[in-house]
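*Asks:* Pasting in a structure now, in structure tokens, and then I'll have a few things to ask.
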Amino acid sequence: METESLVIRQARIIDPSRDLDQVGDILIGNGEILATGSLGSDSIPDGTRVIDGTGLVVAPGFIDLHCHLREPGFEYKETIAAGSRAGAKGGFTTLCAMPNTDPPIDNAAVVEFIQQKARQDSKVRILPIGCVTKGRKGYELSEMEELASAGVACFSDDGDPVFDANLMKLALTYSSDLGLAISNHCQDKSLSCNGVMAEGPVATHLGLDGIPAAAEEAMIARDIALAESTGGRLHVAHLSTAGSVPLVREAKDRGLSVTAEVCPHHLTVTDQWVLGGKGASASVAGSLAYDTSTKVYPPLRSLNDVEALIKGLADGVIDCIATDHAPHDLTSKQVTYQDAAFGISVLETALGSLMQLVHESKLSMVALVDRLTLGPAKILGESYKELATLQPGTTADIVIFDPEHEWTVDTSQFESKGKNTPLDGTKLKGRVVATIVGGTIVYDGPGLQFQAEKGRA
Ligand code: DOR
Ligand code: ZN
């Protein structure tokens, strides 16, 4: 752990909060960003360690609005300690933890337990998310005010939708007073039924029950109507269908307080992967078909959906990228496709897989950084913008990454306890080199090069 002053030299500095994209230096000390720009050696204090940033990108640390850290209750799937190491390795400096824990995060005591655990075990900032309903059961609103005072980042029953429209309406009503968004996992279960993958030709070919796009879109449409009637703050979790994008666009055009997120896997992986060929244009099932690591909610969808989501993200209709990191133990996945748990372990592959969009010129590097930093910070609220900027005088939460570094995903090397990803064995281009939280290096990866210390050479 390095706490002393650091200077990163000659890196590409991308700071969407200041419309900054230029090669320069960044000086860090006392846990803060002290200066950015072209820094002469006179302005660097003696004893400062020098990181060679040539060919690297420096940006505000990534903020994940949606991940599952499983603690308390499911420590055999993930812990705050392991999840935070996975986050740091993935370039994330802030992780918002979903409340589908046991007990669920529906009262101040559980919020305080997580905050305490995070102080003890976590390498990154952890922000608990409070339940919308008591016990996540969907019958009665949680004590939202108590949860807000305890410091939750927003509210969600993720893993399940807020199915009762009147409860969702009440929650949205309170959200504006509390200044916190309601993040809904939009899934009309009377439409998704027993579906395990996206409805479409692949599901038909494999004989698996499909989940129609309408299961998502119907609830988004409902929630937008409720946001309009209440003036509440709606955040739509993990968009997965082409049809969801225009719903969010129109809501924004009408000036409603509606935001949305999309996950790395919905931007880069299609339902073809369930056939077993890792996306190879197979039309028949391969020997690895029914690979349960592809089972996730919402499901992987068609290329048409993927392309619409990328466009929505690029033009800003979708505000941010969130991982929905959903680690599971082996036994929850080593069963039939129907029985397997939904979820993908994402934190450690997020940047590498998203960089594919940049390398293919589908998304600019600046937009990618924006959607991982300022985008989520704006949804959290004004006070969090401080974590999404390289402005001198603010907290030094920083990621350094190499956009050209090629590597092969090997889940045996994951920090996360969840090895459940269809990307195991695939090649990615783009890797985190270092992650800095409050001025401390919390992850020091391949490619981090120190030069002679200033004043001690
Ligand atoms: O795939 C998913 N896994 N989707 C969710 O909404 C919940 C999550 C989990 O908790 O495993
Ligand atoms: Zn969800």
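*Asks:* Once you place label points 7 Å from the Cα toward the Cβ at S149 and A109, how far apart are they in nm?
*Replies:* If labels sit at S149 and A109, their model points lie 1.7 nm apart.
*Asks:* Given R₀ = 30 Å, FRET efficiency for H359-K137 by Cβ-Cβ distance, to 0.05?
*Replies:* About 0.10, to the nearest 0.05.
*Asks:* Regarding the range 28-183, what's the average projected area of the Cα-atom convex hull, expressed in nm²? Write out the running numbers ahead of the final one.
*Replies:* Working: hull surface 47.1 nm².
Here the figure is 11.8 nm², rounded to one decimal.
*Asks:* Which one, Q391, I80, S43, is farthest towards the positive end of the dipole of the chain when Lys and Arg carry +1 and Asp and Glu -1 on their Cβ?
*Replies:* The listed residue farthest towards the positive side: S43.
*Asks:* May I pose another question? Which part of the range 151-186 falls in the paramagnetic zone of S229, meaning amide N under 17 Å from the point 7 Å along Cα-to-beta-carbon?
*Replies:* From the range 151-186, the list is 162-176.
*Asks:* Once both labels are modelled 7 Å past Cα along the beta-carbon direction, what's the R18-S383 spacing in nm?
*Replies:* Each label point is offset 7 Å from its Cα along the Cβ direction, giving 2.5 nm.
*Asks:* Sorted by packing (mean other beta-carbon atoms within 10 Å per residue), highest first, where do 318-326, 118-126, 269-277 land?
*Replies:* Numbers: 318-326: 27.3, 118-126: 20.0, 269-277: 22.8.
Top to bottom by mean Cβ count within 10 Å: 318-326, 269-277, 118-126.
*Asks:* If you don't mind, there's one more thing I want to ask. Taking the Cα centroid of the range 127-169 and of the range 215-238, what is the distance between the two, rounded to the nearest whole Å?
*Replies:* Using only Cα atoms to place each centre, the spacing works out to 15 Å.
*Asks:* Can you spot the aspartates and glutamates whose alpha carbon is less than 12 Å from K89's alpha carbon? Ignore those fewer than 8 places along the same chain.
*Replies:* K89 reaches E348, E415, D444.
*Asks:* Could I have the simple spin-label model distance between A314 and Q451, label points 7 Å from Cα toward Cβ, reported in nm to one decimal?
*Replies:* 3.6 nm
*Asks:* Could I ask something else about it? First obtain the Kirkwood hydrodynamic radius of the range 181-285 from its Cα pairs, then insert it into the Stokes-Einstein equation at 4 °C and 1.567 mPa s, and state the resulting D in µm² per second as a whole number.
*Replies:* Translational diffusion coefficient: 87 µm²/s.
*Asks:* If you don't mind, there's one more thing I want to ask. Taking just the C-alpha trace of the range 145-186, give me its Rg and Dmax in Å.
*Replies:* So, for the range 145-186, Rg and Dmax equal 10.0, 26 Å respectively.
*Asks:* Right, next: Within the P(r) computed for the range 345-457, what percentage of the Cα pairs occupies the region above 21 Å?
*Replies:* The proportion of pairs with Cα distances above 21 Å equals 48 percent.
*Asks:* In square nanometres, what is one fourth of the surface area of the convex hull spanned by the alpha carbons of the range 284-405?
*Replies:* Average of the hull's projected areas for the range 284-405 equals 10.2 nm².
*Asks:* Evaluated at 25 °C with a viscosity of 0.890 mPa s, what Stokes-Einstein diffusion coefficient in µm²/s does the range 191-350 have when Rh comes from the Kirkwood expression over alpha-carbon pairs?
*Replies:* It comes out at roughly 151 µm²/s.
*Asks:* In deg cm²/dmol, rounded to 500, what helix-only [θ] at 222 nm does the chain give when every DSSP H run of at least 4 residues adds -39500 (n - 2.57) and the total is split over its residues? Numbers along the way, then the final one.
*Replies:* Details: 14 runs with 129 residues, N = 457.
Mean residue ellipticity, 222 nm, calculated: -8000 deg cm²/dmol.
*Asks:* Tabulate in residue order the Karplus-calculated ³J(HN,Hα) for the range 96-112, using 6.51 cos²θ - 1.76 cosθ + 1.60 with θ = phi - 60°, rounded to whole Hz; enter x for Gly and Pro.
*Replies:* My calculation for the range 96-112 gives 9, 9, 5, x, 7, 10, 9, x, x, 7, 10, 8, 4, 5, 6, 4, 5 Hz in order.
*Asks:* Straight-line reach from K252: which aspartates and glutamates have Cα under 17 Å away, leaving out those fewer than 8 places along the same chain?
*Replies:* E217, D223, E228, E261, D315, D319
*Asks:* Kindly express, to the nearest 10 degrees and within the range 0 to 90, the angle between helix 244-253's C-alpha long axis and the longest C-alpha principal axis of the chain.
*Replies:* 70 degrees
*Asks:* So which of K295/K419; K295/K427; K134/K169; K189/K311 end up more than 24 Å apart, counting from Cα to Cα? Could the numbers behind the result be given before it?
*Replies:* Details: K295/K419 13 Å; K295/K427 21 Å; K134/K169 16 Å; K189/K311 28 Å.
Among K295/K419; K295/K427; K134/K169; K189/K311, the Cα-Cα distance tops 24 Å for K189/K311.
*Asks:* Expected output is a single nm value to one decimal: the length gained when fully extending between E307 and S38, i.e. 0.36 nm times separation in residues minus the C-alpha distance. What is it?
*Replies:* Value of the extension gain: 92.9 nm.
*Asks:* Starting from the eigenvalues of the Cα gyration tensor, five times each then square-rooted, give me the equivalent ellipsoid semi-axes of the range 322-381, largest first, whole Å.
*Replies:* 29, 16, 8
*Asks:* Compare the peptides 409-421, 328-340 by average per-residue count of other Cβ atoms within 10 angstrom and give them in order, highest first.
*Replies:* The peptides rank, most packed first, as 409-421, 328-340.
*Asks:* Taking the Cα centre of the chain as origin, work out the dipole magnitude from +1 charges on Lys and Arg Cβ and -1 charges on Asp and Glu Cβ, in debye rounded to 20.
*Replies:* 460 debye
*Asks:* Okay, moving on. To the nearest Å, what is the center-to-center distance of the range 293-317 and the range 41-69, using C-alpha atoms only?
*Replies:* About 30 Å separates the Cα centre of the range 293-317 from the one of the range 41-69.
*Asks:* On to the next question. Starting with the highest mean, order 251-257, 96-102, 304-310, 30-36 by the number of other Cβ atoms within 10 Å, averaged over the residues of each peptide.
*Replies:* Going by the mean number of other Cβ atoms within 10 Å, highest first, we get 96-102, 304-310, 30-36, 251-257.
*Asks:* Taking Cα centroids, how far is the range 13-39 from the range 97-116 in Å?
*Replies:* Cα centroid of the range 13-39 versus Cα centroid of the range 97-116: 35 Å apart.
*Asks:* List, largest first, the extents of the alpha carbons of the chain along their principal axes, each in whole Å.
*Replies:* Cα extents, longest axis first: 67, 52, 42 Å.
*Asks:* Separate question: Please list, ordered by chain and number, the residues whose modelled amide H lies under 5 Å from the amide H of L20; skip anything fewer than 5 residues away on the same chain.
*Replies:* Those lying under 5 Å, H to H, from L20 are D15.
*Asks:* Let me ask something else about it. Using modelled amide H (1.01 Å from N, peptide plane; none on Pro or chain starts), what sits under 5 Å from the amide H of C186, excluding residues fewer than 5 places away?
*Replies:* Placed amide hydrogens put A237 under 5 Å from C186.
Every number here is computed from the coordinates shown, using simple stated rules; none is lab data. Please read all numbers here as calculations on a predicted model, not as lab measurements. Because the Cβ atoms are built from the backbone with ideal geometry, glycine has one as well, and the counts that use them run over all protein chains shown.
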